[in-house]
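First comes the structure, then the notes that go with it.
Bear in mind these aren't lab numbers, they're just calculated from the coordinates by the rules spelled out. As the structure is a prediction and not an experimental result, all values here were calculated from the model. Neighbour counts are summed over all protein chains in view; Cβ atoms, including those assigned to glycine, are modelled from backbone coordinates with ideal geometry.
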Amino acid sequence: MFRATANHLNAQALHFSARFTSQLAVHQRNISSGIRLHRPSDDPLAFRQASSLSSRLQDLRAERFTVQDAQTKLNFSVSQLLNADQILTQAKTLTQQGIQAFSQSERNALAIEVEGLLSQMKELSQSKLAGTYMYGGTHSSEPPFRFSDPSLPGRTLDVEYRGSQQASRAFVGQSVAVDTFFPGDEIFGGPVNGSKQREATVLMGQTGVRSGSGTDNMLGRATLQIRHTETNFTGGSGVAAGTSSVGNDTIIGSLGRHSLQVVDTSGDGSAGWVSLNGGPPTSFDNTMTNLQVKSNDGQFVFIDTTNIAPGFDDEVPVTANGTYSIDGGQTTVPIDFSNNQAVFDSITGRFINLDGSNLRAAGEEYLDFPGTSNAFQVLHELVLDLRGSRKLTNADQAATLDRRLGELNRISDQILEVVGQQSASLQTMRQLEFQIGDFLLSTEEQLVAVQATDIAETVLRMQNDQNLLQYTYSVTANILSTQLINFLR
Amino acid sequence: MNFAIGISALRAAQFAINTGAQNVANANTPGFHRQRVEFASRAPQNFGGSFLGAGVDVKSVNRMRNQVLESSLTHTISDLSGIEQSLSILRQIESQFLPGEGSLDSSLGRFFSELARLSANPGESVARNAVIQQASTLAHQTNSIYQRLNGIESTVRAELEIQVNDLNREIADLVELQNQIKRVSVQGAVPNDLMDQRDRLVNQISEKIDVHRFEHLGDGFALSLGNSSVSIGVIPIAFEAYENNDGALGVRLKGTQREVPIQSGRLAGLMEAHNQTIGGFKNRLDSFAREFIQQVDQQHAQGVGIDGGFSLLRTTRNIDFTDLPLNRAGLDFPVASGELFISVTDPQGEKRTYSISVDPDVDSVQDISDRISGLPNLQGAVDPVNGQLSIIAQPGYRFDFTGNLETIPGLADFSGTSVPRLSGNYTGSSNRELQFTIVGSGEVGRSENLLLRVSDPVAGVVLSEINIGRGYEAGTSINIIEGVQLTLSAGQVNDSDHFSTPLVAQADNPRILSALGLNSFFAGSGAKDIRISDQIQNNSRSLATSRNGDLADTTNLLRMIDLQDARTLGENQRSFSDYLDDMTTDVGFQVRSQQVMRQTVSDLKLQYEAEINAVSGVDPNEELININLYQRQFEAAIRVLQTMDQMSAELMNIVR
């Protein structure tokens, strides 16, 4: 039989009273705060889970912020680019009207409208959101484009892209990043894309020069100047270059390209006739030092007939040398009449390749480099073309406007492609935002489930502990009240 | 008639009643053992051949006790006391890792969240400052927790000394008590109350140190302490707390080098807390801080702020010896063998990337400085006073450790007029070198059969051959490999001309930048001194979010964000967050475990106390019953005496 003393009963009462009171204190804290995890030791595994969920919540909130921020930027960008496309659509309409216009004054009016569109396009390209340029890529601290007047008359607008080729990227979670600031060079077209879209160089003129076999790298448009420098006559005809020949002869060509028929009708070289390339005969005598001889196609040379060989009657092969210049005459290169001669632009360092094997006349060639102009340059070129700044034939002018139309379509396609990409990104962002929202909700629910107090359960436990405490008090009071001393009288 | 019999009965009853009264009086005295009077019949006397009893004697007054149970209780008290001490300290440690908005884990998460937010608007000074502020909070919290753990450690050290002093006093009291018991015992008495006091004192001592008691028949008593390494005799012994060279606390016999191995009790709890628990958590926190500092700094160092590269950089971390190899130079972080890439940008914006080799077993900081001085337009200098290494660029030049592609490679073996340029960002995962060789001679973009051969000279592999003659538009980009692009300007190129360029995925394989503190985000090297570097604190533009200096370039920022999931910590390769969670969970588990143990041992103690109480405890009712019994005995003895007295009177009347 276990011998229980009053002390033992008392110790038990104290022990269990302390235990239940302590448990009641925990229940009180959990119910009052609504949280059951106050210290890691409350439930280490649940605590770890709660900690992990809290971290995830923080991450998700940051991700939601960046996704929303990216959406704002994408929305803004898409809106700006749709405006840009609208500008291009208007430009295309004006180009069509230009092709069908009956008068230059009508085209001049259209040019003024296109100038307005160019200004709008420039403004769009320098768009800022919250003080940051949208289309400078990672280099978004200053205007991405700098526009300056063409380096030479007749050339296209000088556009310098000062942004970077890389888009800025924002972290949206799970090692995923989205573009936020976009490289404008890619959007509005430029040399980077030019290399992929360059088409065959177009030469417009009557000189007979053609594009060489090398790959040009000049951009936009240019004017090729072909100047006469020297005419030489072979054989023993005695004909020589006239005093005005240098720089004024209009023929250019390697030996045999042009010929001069010389017929001495006097028999002593004092008089006769000459004909250039089978053109109409021109009479001469031995006193003429600067006789102009024209061909059927309007070319002419100046000759000296003072020393014609007596009795000469034959075709004289002619060599007419000249120079090329692509930079307005700032630098010239002698024509070698090869089929792939490089001519450099001293202003940009770029070059073109020319085939001079069929070159026949001095003059100017208007060059277009399709697929190499950006949106601003195409609009600027359109203004110049509508104004008729180059002396083009009607056919060439129509063809040029038609090319501008193609260029506008190309730029428009390019912008719409970017709009499409950004819209797709926007769609992804929206889905991502929904997903993050769902994750947030689910994580919050999990966190609540892990760390929040289950009130019903806790109340039941508390009630149970309270009952036990009451029983402890009650049974202790009852037992201790039964004392022998009460019976000893 | 023998009055003596009655008187002996009277005296015995009185003695027993007094003993009962003493029991009742000490019913609630801690350590008191109830006492029982042992009666014995006096030796009979011979009355004419018949033996007649001579009354009763009080043979002894015994303490009611169970020696085995009490010994077990002493052990349990020692265990419980040690557990409660450990638990108390663990709960203080646990308090440093409480959950909520201000927790370390939460601050760590918020730091990475702010980095993610910054990636949306990298140029915003508010967002940049938010990152710095959050990092500062994290550093401050780490530092505060470390200091508070230091505080707990100091308190434990002081408490150990107090407890040792108390123990010494109690041992002295015990020895004195034991001597008293011996003196009384020699006189033939049984000093029950003194022995009660001794038992109580033994239990008090056991609260501090593990105690083993030996009791023999009679008054044989011995006590050994500290895993039976020290015995208490007639001369008091004393202990002292001490700290060894490793900073660990111990207890030894005072005035000697003899360490006492303490197994349980408060002293064991304090020593374990100091030498293992607190130290362990401090080490773990420090490991976290060190790894965090090094990882963030290492990545930060390989980027640039939004003002671009540097014209001057100084190391900010400790260098004890600038002329000894790096692994013996007293650096805060270890350095490995490898190559450090340094890019130098000229006033025109053209960039060249150079590398210097680093061998920590051989190279000193001075050697590194000399190698840097050997690079074009850079100068390295070591301050002989403070050991700081400075890197200075020539006026107009800037340098960085981004390892970005050089814009124009070295053209010593390239004789043509065409100029190659590199662009893009290398996206490969390992460092490599590319060699470009011209095949054929001619003009770029114009000649036929003109190729550029791209090869990997280390692997000896030709990667591609690209047309750069007719069909290639001079000056346009050619995609080479993994984000690397090359352009060749118009001009002549000659057969077999070549150039090479490094492709850098990791600009600092030796991790020397963080070890020296070049372009660091943090200052300090561990939990005790972590803080934001002055450069970052004073100028948020210096926060190296970029790798090219562009305002919205987030490439380095994204790499810093990736550190959140980097698994580099501890043996299990944990992420920073997981590591902190492990630490917090561990302290939670330890507290939990100690709580369970306390409950178990406490229940065991209660059980032992109940069983001891069953033997030694005073039950007032029982005592009252006994007193009642002895009262009857007393009354009966008086009646006997009265009867004898009447009988004597009757006899006297006859005589009269």
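Brief remarks follow.
- Alpha-carbon geometry of the range B:345-447: the Rg and the Dmax are 17.6, 62 Å, given in that order.
- Dipole size of the range A:24-78 about its Cα centre, with +1 on Lys/Arg Cβ and -1 on Asp/Glu Cβ: approximately 100 debye, rounded to the nearest 20.
- Per-residue ellipticity at 222 nm computed for chain B from its helices equals -15000 deg cm²/dmol, with DSSP H segments shorter than 4 residues left out and the rest contributing -39,500 (n - 2.57).
- Unit charges at the beta carbon, dipole of chain A: most positive-side option, A:Gln197, A:Thr319, A:Leu359: A:Gln197
- The sum of -39500 (n - 2.57) across all DSSP H runs of n ≥ 4, divided by the residue count of chain A, sets its helix-only mean residue ellipticity at 222 nm to -16000 deg cm²/dmol.
- Dimensions of chain B along the principal axes, based on C-alpha atoms and rounded to the nearest Å, stand at 170, 45, 44, largest first.
- Taking every residue in B:2-8 and counting other chain Cβ atoms within 10 Å of its Cβ, the average works out to 0.
- Between B:Gly188, B:Ser616, B:Gly442, the Cα set farthest toward the positive side of the dipole of the protein assembly as shown (charges on each charged residue's Cβ, about the Cα centre) is that of B:Gly188.
- Expressed in units of 2.2 N^0.38 Å, where N is the residue count, the Cα radius of gyration of the range A:181-257 is 1.80.
- D (Stokes-Einstein, µm²/s), Kirkwood Cα radius, the protein assembly as shown, 0.692 mPa s at 37 °C: 82 µm²/s
- Only Cα sites of the range B:305-369 enter the Debye sum here, all with the same form factor; the resulting log10 I(q)/I(0) across q = 0.12, 0.13, 0.18 1/Å is -0.40, -0.46, -0.78, listed in q order.
- Computed P(r) (all Cα pairs; the range B:109-241; 10 Å bins; percent): 11, 27, 15, 10, 9, 10, 10, 6, 3, 0
- Mean separation of Cα pairs under 8 Å and 6 or more residues apart, divided by the residue count, gives the range B:303-385 a relative contact order of 24 percent.
- Coarse-grained scattering of the range B:364-410 at q = 0.27, 0.29 Å⁻¹, given as base-10 log I(q)/I(0) from a Debye sum over alpha-carbon atoms: -1.07, -1.13
- Beyond 24 Å, the tail of the calculated P(r) for the range A:19-134 holds 62 percent of the Cα pairs.
- Distance cut-off 16 Å, percentage of C-alpha pairs in the range B:486-571 lying past it: 73 percent
- Separation of alpha-carbon centers, the range A:422-489 and the range B:117-149, rounded to whole Å: 35 Å
- In sequence order, calculated HN-Hα J values of the range A:458-464 (Karplus, 6.51, -1.76, 1.60; Hz; x Gly/Pro): 5, 4, 4, 5, 4, 4, 4
- Angle of helix A:394-451 to the longest C-alpha principal axis of chain A, folded into 0 to 90 degrees and rounded to 10: 10°.
- In a reduced charge model with +1 at each Lys and Arg Cβ and -1 at each Asp and Glu Cβ, the protein assembly as shown shows a dipole moment near 5160 debye about its Cα centre.
- Look at the stretch A:176-182: the mean tally of other chain Cβ atoms within 10 Å of its residues' Cβ atoms is 3.
- Counting only alpha carbon atoms, the long axis of helix A:44-100 and the longest principal axis of chain A meet at about 30°.
- Dipole orientation for the protein assembly as shown: of the candidates B:Leu551, B:Asn143, A:Ser338, B:Asn143 has the Cα lying most toward the positive pole (charges on Cβ; Lys, Arg +1; Asp, Glu -1).
- Counting Cβ atoms of other protein chains within 10 Å of each residue's Cβ and taking the mean over peptide A:207-219 gives 4.
- Mean Kyte hydropathy of 0.0 or more with a Cα span along the axis of at least 27 Å, helices from DSSP in chain B: B:3-25, B:67-95
- Taking the empirical scaling 2.2 N^0.38 Å for compact globular proteins as reference, the range A:389-469 has a Cα radius of gyration ratio of 2.90.
- The alpha carbon centroids of the range A:320-338 and the range B:588-656 are separated by 136 Å.
- Across the alpha-carbon set of the range A:49-115, the Rg to Rh ratio works out to 1.56, Rh being the Kirkwood radius.
- The long axis of helix A:6-33 is offset from the longest Cα principal axis of chain A by roughly 30 degrees.
- Packing-based ranking, highest mean first, of B:631-642, A:369-380, B:257-268 given that Cβ atoms within 10 Å are counted: A:369-380, B:257-268, B:631-642
- Relative to the Cα centre, the charge distribution of chain B, modelled as +1 at Lys and Arg Cβ and -1 at Asp and Glu Cβ, gives a dipole magnitude of about 2280 debye.
- Cross-linked pairs B:Lys254/B:Lys282; B:Lys528/B:Lys605; A:Lys122/A:Lys391; B:Lys59/B:Lys182; A:Lys128/A:Lys391; B:Lys208/B:Lys282: Cα-Cα separations exceed 32 Å for B:Lys528/B:Lys605; A:Lys128/A:Lys391.
- Pair-distance profile P(r), taking every C-alpha pair of the range B:408-466, with 10 angstrom steps and integer %: 18, 50, 28, 4
- Distance from the range B:54-104 to the range B:157-194 (C-alpha centre basis), Å: 19 Å
- Value of relative contact order over chain B, rounded to a whole percent, pairs C-alpha under 8 Å and six or more apart: 19 percent
- Sequence-distant contacts, meaning Cα pairs under 8 Å at least 6 residues apart, place the relative contact order of chain A at 23 percent.
- Using the Cα coordinates of the range A:311-365, the gyration tensor eigenvalues translate into equivalent-ellipsoid semi-axes of 29, 12, 8 Å, sorted from longest to shortest.
- When the P(r) is computed for chain A, the part past 34 Å accounts for 63% of the Cα-Cα pairs.
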